[in-house]
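Have a look at the structure below, then the notes.
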Amino acid sequence: MPHVYISHSGADSDALLQLHEALRAAAIADKYVVGEPDRAVADRDIAASFAVIVLVSAAAVRSRTVRADVEAAKANGIRIIPYQIDKARLNGFFKAEVQPLLRLSSALPDGMDQLVAEVSSAYKKKCPVIAVMNLKGGVGKTTVTGQLSGAWQEAFGGRVLLVDLDPQYNLTQTFFSMDHADASSGVDRSVISLFERSRLHAKDAASPAENWLELTTAPFTPAARDGFVHEILGTDGPAGRLDLISGQFEISKYAFANDRDALAAIKQSFLRTIDHYRSEYDLIVFDTNPNATFLTRCALEAADRVIAPMHADIYSLRGVRLLNLVIKDQIEAGKRPALSVLFNAVNRNEQSTFEGDARNGVYDAIAGFPLSKALMTAALPRSAHFAVKGPDEGQPPWRQLLAHAGRGGGLKAIRDSLKQVALELKGLGESGSSGR
Ligand SMILES: Nc1ncnc2c1ncn2[C@@H]1O[C@H](COP(=O)(O)OP(=O)(O)OP(=O)(O)O)[C@@H](O)[C@H]1O
Ligand SMILES: [Mg+2]
């Protein structure tokens, strides 16, 4: 379980210990620093917390540490929960940043209980994150991302977020016209705002898409859903929510940058922002680019699981082998996503020899890992229904989802196989078979 951070003045250690005990009794993990804090450590603990409790007192109002804690929480978009423990008069900074949030105080008879309840409700479960990836092009990553997410939403409801991490942004073009997608990226309402501070975060900010040579590492608070995501299943569609953060070409800039420190900071911003949205959705799915780049690393570090679509051929197998190598060599143990492989575009009438052999372990040695165990049982058939179609003018974007599309011949069988894959995927997540 992630932790809540307690910001306090050294003069308030009694109140700190009392709160620590109350949180412990409620099984809520906490972190705080006793004595003069190492700022970098405190900032890291705050950035990794789900909320920051601020013990507001006469001493805290004068404390530079508490002020720096509040600033760090704000910069990271972390929720601040102030708790007043004496009759402190608030100064300018506290009046502006803390007072508007201040509702709880030890002067109330059940103040501490209310605080613990507030902290518990601030801790929201983080949803799974899936990256659809294969270091081979054209195997159906984009098709699987969109169609499988639609089928998942149809089967289980809830809130699903698609993120188009491929600079080709085909996923975005599945649902919206190029003009619509480009107009969105023109105002930074696109994937670039997951990585860098942009006009979506502050009116006076420069667009990170404008200058390929500059990387912005300034911290930012994740943009509110309303002005950021595109609704695929909106209120005019079937019940539920399927949202998209649209793609744009300019995120290619990270592949050409060589400022390692700036890239590390940008990756952190991405991870933190995705983590923020994990509390607002029930599933997040990334569509990714077929070559190993900085974006691949970002996707792999943020994901719990990778779904690798593959065709029943040796080239797809090579892509899966490379993908497994990248995960093992480049991603730290403990952060590695689990890898599941999905046969896509197979002929269901006569299962190919290749697929049968793969399931029997014939290709495990070539793959360099137990491919037969990573293979999902369900598979997607080859069908013209999956063929890329541009969105029709005037039609809502959810019309592109086979789970909701019309009655065309053979669609029922396709919906069934998509549903089977969705069910299996849900089971994998719930059995907790993660590679981390
Ligand atoms: N199951 C399927 N049956 C028939 N056609 C399919 C199937 N899956 C994908 N396709 C088609 O194959 C082509 C490539 O699919 P898609 O664009 O999803 O691959 P991709 O892996 O995302 O490619 P890229 O590496 O360029 O991002 C598209 O024309 C798509 O319509
Ligand atoms: Mg694609």
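Figures for the structure shown
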quantity: Virtual spin-label span in nm between Asn170 and Ile366, 7 Å along Cα→Cβ; calculated: 2.3
quantity: DSSP bridge pairs, the stretch 122-249: antiparallel proportion in percent, nearest 5; calculated: 40
quantity: Antiparallel bridge percentage (DSSP; both residues within the stretch 129-430; nearest 5); calculated: 10
quantity: Viscosity 0.692 mPa s, temperature 37 °C, Stokes-Einstein D of the stretch 259-418 from Kirkwood C-alpha radius, µm²/s; calculated: 182
quantity: Linear extension gain, Trp212 paired with Val388, 0.36 nm per residue minus alpha-carbon span; calculated: 60.3 nm
quantity: Helix 13-25 axis, angle to the chain major axis (alpha carbon atoms, nearest 10°); calculated: 40
quantity: Rg/Rh ratio calculated on Cα atoms of the stretch 143-258 (Kirkwood radius); calculated: 0.99
quantity: Label-point separation in nm, Arg407 to Gln114, each point 7 Å along Cα→Cβ; calculated: 5.9
quantity: When the convex hull of its Cα atoms is projected in every direction, mean area for the stretch 115-207 (nm²); calculated: 9.1
quantity: Computed FRET value (nearest 0.05) for Ser177 with Ala48, which takes r as the C-beta separation and R₀ as 60 Å; calculated: 0.90
quantity: For Lys328, Lys373, order by how many other beta-carbon atoms lie within 10 Å, fewest first; calculated: Lys373, Lys328
quantity: Radius of gyration and Dmax over the Cα atoms of the stretch 18-62, both given in Å; calculated: 11.8, 31
quantity: Kirkwood Rh and Cα Rg combined as Rg over Rh, evaluated for the stretch 1-101; calculated: 0.92
quantity: Exposure proxy order (Cβ contacts within 10 Å, fewest to most) of Lys74, Lys389; calculated: Lys389, Lys74
quantity: Gain in span if fully extended, Asp261 to Phe249, counting 0.36 nm per residue against the direct Cα distance; calculated: 2.0 nm
quantity: Stretch gain in nm, segment Ala58-Ala224, where the contour uses 0.36 nm per residue and the Cα spacing is subtracted; calculated: 56.4 nm
quantity: Per-residue [θ]222 nm for the chain (sum of -39500 (n - 2.57) over DSSP H runs n ≥ 4, rounded to 500); calculated: -11500 deg cm²/dmol
quantity: 11 Å cut-off, amide nitrogen to a point 7 angstrom out along Val187 Cα→Cβ, residues in the stretch 381-403; calculated: none
quantity: Interatomic Cα distance distribution for the stretch 365-436, bins of 5 angstrom, percent; calculated: 3, 13, 18, 18, 15, 13, 10, 7, 3, 1, 0
quantity: Listed residues His180, Leu295, Ser190: farthest to the positive end of the dipole of the chain (Cβ charges); calculated: Leu295
quantity: Student exercise, the stretch 4-122 dipole from Lys, Arg, Asp, Glu Cβ charges, in Debye to nearest 20; calculated: 400
quantity: Summed side-chain charge close to Phe369 - residues other than Phe369 whose Cβ falls under 14 Å, Lys, Arg +1, Asp, Glu -1; calculated: +3
quantity: P(r), alpha carbons of the stretch 66-133 - 10 Å bins starting at zero, rounded %; calculated: 17, 41, 28, 9, 5, 1
quantity: Quotient of Cα Rg and 2.2 N^0.38 Å for the chain, N being how many residues it contains; calculated: 1.08
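Computed from the coordinates by the stated procedures, all read-outs in this text should not be read as laboratory data. Small disclaimer: the values here were computed from a predicted structure and weren't measured. So basically every Cβ, Gly included, is an ideal-geometry build from the backbone, and we count neighbours across all protein chains shown.
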